[in-house]
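One structure is given here, and the rest of the page talks about it.
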Amino acid sequence: RLAEQAGVPTFAFYTTGCDSPVTLGLSDNPVGVAFQKNDSPSTAILLGVPSETAGQLSQSRRRDWYAIDARGGEVFYLEATGHRLASPVDLDVSIHGDAVGNIADGNILARFQDNSQGAADIRFPASHLDPSGRWVAPRDGRFLVSVRNLIGGIEDDSRRVYSLSV
């Protein structure tokens, strides 16, 4: 187990006939999986708060979309986990101020990228590349959350999985 995975409540499950373990995780929040198509703002999956969801960015330029309903002044903590799951991703999480699909960069209210600050010293490096952050809703409304992989590649890769906690 890698030191950088210390903050993720997961464990490896080994099953007969498989060369690689399956990672299983624990959460005290409601958990969902993005089975439906959510690759555009118009197909964003509405998340309850708090919640955790799992997704897959197998295509190099794919972006998954979620929506959250907020009240002005409400505080949200978002965290995406991919690197700590040994997934070949460098995740970027953005909150967009327009829930009708205006995704221009000028419309991004918050962006969370690499969290390279370790919680320990050099003997036990706990830094990772997973984004997390705090966001305060500026007004009442529905806001879009996008999750994308900054390091794509030409080939599709089904190992590009992540979890998003709100």
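How much net charge surrounds Gln113 when only the other residues with a Cβ under 11 Å from the Cβ of Gln113 are counted, with Lys and Arg +1 and Asp and Glu -1?
On the way: positive: Arg111, Arg148; negative: Asp90, Asp92, Asp114, Asp130.
With Lys, Arg at +1 and Asp, Glu at -1, the neighbours total -2.
Based on the mean of other beta carbon atoms within 10 Å per residue, what is the order of 54-61, 43-50, most packed first?
Values: 54-61: 16.6, 43-50: 15.1.
For the peptides 54-61, 43-50, the packing ranking is 54-61, 43-50.
Can you pull the one-decimal nm distance between simple spin-label points at Ile154 and Ser60, each 7 Å off the Cα toward Cβ?
Rounded to a tenth, the inter-label distance reads 0.7 nm.
Here, each number is a calculation from the coordinates, and none is a lab measurement. The structure presented is a predicted model; accordingly, all values stated were derived computationally and were not measured. Because the Cβ atoms are built from the backbone with ideal geometry, glycine has one as well, and the counts that use them run over all protein chains shown.
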